[in-house]
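The values are calculated or read from the model by the stated rules, or taken from the named source; none is laboratory data. All figures in this text were calculated on a predicted structure; none of them were measured in a lab. Cβ placement follows ideal geometry from the backbone for every residue including glycine, while neighbour counts extend to all protein chains displayed.
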Amino acid sequence: MDSRELRFSRAMVFAVEEINNSSELLPGIQLGYQIYDSCASVPVAVHVAFQLSNGLDPMFHTGDDCTHSGRVVAIVGESGSTPSISMSRIIGSFNIPQVSHFATCACLSDKQQYPTFFRTIPSDQFQADALAKLVKHYGWTWIGAVHSDSDYGNNGMASFLDAAHNPLCVSVKWRKIMHCILYRSTATVVVAFVASGDMRILLEELSQEPTPARQWIGSESWVTDPDMLRFSFCSGAIGFGIQQSVIPGLREFLLDLSATEVAASPLLTEFWEDAFSCKLGKSENIHFHGTCVVIHLHFYMPDCDGTEDMQTLESPYTDTSQLRITNMVYKGVYAIAHVFAQLKKVNFSQNGYDVSFDDNGDPVAVYELVNWQKSETGLIELVTVGHYDASLPIVNYIYLKRKWEVPVSVCTDSCPPGTRKVLQKGKPICCYDCVPCPEGEINSPDCYPCPKEFWPNANRDTCFLKPVEFLSFSEILGIVLTVFSLIGACLAITTATVFFRHINTPIVRANNSELSFLLLFSLTLCFLCSLTFIGPPSEWSCMLRHTAFGITFVLCISCVLGKTIVVLMAFKATLPGSNVMKWFGPTQQRMTVVSFTFIQVLICTIWLVLSPPFPIKNLTIYKEKVILECDLGSAIGFWGVLGYIGLLAVFCFVLAVLARKLPDNFNEAKLITFSMLIFCAVWIAFIPAYVSSPGKFTVAVEIFAILASSFGLIVCIFAPKCYIILFRPEKNTKKYLMNKNQD
């Protein structure tokens, strides 16, 4: 005996009698009823549907002059979805409206299949959406799922899965459920879309063997069933239930059972005997409830003595503290009474509760969020902790101030920053491994590369602009190179000043003062042109740095080459009968320097016209930063400039080597030989260093080569002369100069 279902049937009787006693609703019309027990059996429900569709046996009203057969106006029920589906397919053909108080399967909203089906309880589609929002609200991604193998359970769970998109372990066999979900699974949250009777069996089975603590999420079918509250291990369960209601006079009606009334009803007799554990009168061991046969075995049950008091009975039948589904029965009867065959148009309020149906025969979905909480006495109580109204444009949960600890239920913890999810083979999508994102990518939520000028932060969850790198005047390396460049330029200017102040001395005049001053000028430019390589590259600086470097160095080498040729020609001029110096006088020397320099100017001009250098952002050398540098434009142009400088340097070096043993106290050929040896060594080492140096160090290597070769020239060629001019003036005489064999 399900005393809760008995309360539902008695609530229908109460509503019918209340309507019949009303002078405002259906005046002059009396409603009759007949209650059938389907015994939760689909065949029994189908048999009753056929019986109701065929009409009832003739009914004789002694107070009237007419005799007629009873006609079914409408059917209230069934409680289950599957029996309601079976009944609706039959009675729908006869256009008999059916109003269910507890059949929630979303499939029954299909008016093509169930045109005369209505219900006062919301469709499970709304409940599934609400449960899915609840699961997502608490961040539960790894949950177990249990459902009845029925239309209610199958459709309800399917709607929930579709709304939640969560990986679930689903089964319908009790043993398999317990082992899959409740024992072996790491899920700490279990959603149970189970009919009340099935859930009772499951919880009784689970109560026999301790199970790990689980957070139960229940459907309306069982989470608000008072009979379930005895399973204390489910404390903390949460779910959505129909709003609580108050039906004035119902409790008194339920408790007002006379012995005659009880004895006249097999259902009430069974309830009475079960509630008070006594045998009422001469009750038979076999009762026929409609076509449902119930066999009772009485084991030494005493007879009822008439002292049984319904007021002291604690049973789901007498519990009217939280009327939920009972009110759905009550509203269903009143809906039928208001409009018999046009239920779609019904819209009224009874006891403060609105009653209406949409085009699918469903009411507005309004739920209470209930929580199983232990009271001070240790008993489980239903506590309303929130509300859900599907009619609102934005669904809100309204929580009470009382806090409760929310469990964590995930298969895998959230991946840390900089990693991405990789699904584990053969497991649901919420079970994954966390794999680091490739270099240069962030996860949000999956890995994807940053834009080309951006780079991930340390957590790899945000892209930020890459730092820009170039050889700057403000960094240490740039400062050091700048200082040496300025020192070199000052040294060249100082040397020129010393030579100019002693221009009439023999040592200055003997070393071709014009070429010396031109060489010092070109060395000054060489030192200063290195500054064009420092700072952010621009279109003009890229063109200037390479061309200025190429031209000034050729000018420098041309002057050195001119001085070397002068030394050779001067020696040959001392031989008897030689007049070679007239072929290499000052004019020819100037022409030599101009000619060699002009060739380099021509090479640079062609380079700049055809494919000049230009600034670029190099994103390939370093992935985490941007290198500002000058692209050569034409590599042929660049290496042509360097090659021409190298060719002149080698030629000058060869001539200097040939002249290095000429007898002369001021033999400049030896000094030129050392200077060109240093020059060639520096630039030969420059090539591999330039090619292999990354980023701004490429520029630093180029500046170092310029400075090293320039310092080599000025030190080797001019340092000995300045030493004699400044510190050994006694040697700066014509006599010493002409005494070639003197040490």
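Conditions tested, residue by residue: (1) crowded, with 18+ Cβ neighbours inside 10 Å; (2) more than 17 Å from residue 254 (Cα to Cα); (3) modelled with pLDDT under 85.
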| position | (1), (2), (3) |
| --- | --- |
| 11 | yes, no, no |
| 21 | no, yes, no |
| 34 | no, yes, no |
| 43 | no, yes, no |
| 49 | yes, yes, no |
| 58 | no, yes, yes |
| 71 | no, yes, yes |
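Could you check region 226-264 and list, in sequence order, the residues that are under 30 Å from residue 148 (Cβ atoms) and out of contact with any strand residue (DSSP E or B) (no Cβ under 9 Å at 6 or more places or on another chain)?
227, 233, 254
Are any residues in region 471-527 without any contact (Cβ under 8 Å) to a residue 12 or more places away in the chain and polar (S, T, N, Q), and if so, which ones?
474, 494, 497, 504
Taking region 231-261 on its own, how many of its residues are more than 28 Å from residue 120 (Cα to Cα) and crowded, with 21+ Cβ neighbours inside 10 Å?
The number of residues fulfilling the criteria is 1.
Which members of region 316-365 meet the condition of being within 42 Å of the chain's Cα centre (by Cα) and surrounded by fewer than 17 Cβ atoms within 10 Å (Cβ to Cβ)?
358, 359, 364, listed by residue number.
Among the residues of region 89-123 satisfying the criterion of being polar (S, T, N, Q) and buried (at least 24 other Cβ atoms within 10 Å of the Cβ), which is nearest to residue 195 (Cα to Cα)?
104
Residue-wise test of (1) within 60 Å of the chain's Cα centre (by Cα); (2) modelled with pLDDT of 65 or more.
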| residue | (1), (2) |
| --- | --- |
| 544 | yes, yes |
| 554 | no, yes |
| 557 | no, yes |
| 565 | no, yes |
| 569 | no, yes |
| 574 | no, no |
| 578 | no, no |
| 584 | no, no |
| 588 | no, yes |
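List the pairs whose first member sits in region 307-336 and is under 19 Å from residue 1 (Cα atoms), whose second member is modelled with pLDDT under 90 and of a type in the set (Lys, Arg), and whose Cβ atoms are under 6 Å apart, counting only residues at least 6 apart or on separate chains?
These pairs meet every condition: 316/4.
Quick check on my filter: what residues within region 366-382 are surrounded by 13 or more Cβ atoms within 10 Å (Cβ to Cβ) and aliphatic (A, V, I, L, M)?
Selection gives 366, 369, 370, 380, 382.
Kindly list, by first and then second residue, each pair from a residue in region 100-122 that is within 12 Å of residue 343 (Cβ to Cβ) to a residue that is in a loop (DSSP other than H, G, I, E, B) and aromatic (Phe, Trp, Tyr), limited to pairs with Cβ atoms under 8 Å and residues at least 6 apart or on different chains.
So the pair list comes out as 118/357.
In region 662-680, which residues are at pLDDT 65 or above and either crowded, with 19+ Cβ neighbours inside 10 Å or not in a helix (DSSP H, G or I) (or both)?
668, 669, 670, 671, 672, 673, 675, 676, 679
For the subset of region 240-279 comprising residues that are among the β-branched types (Val, Ile, Thr) and in a helix (DSSP H, G or I), which member is farthest from residue 222 (Cα to Cα)?
Checked region 240-279; the qualifying residue farthest from residue 222 (Cα to Cα) is 260.
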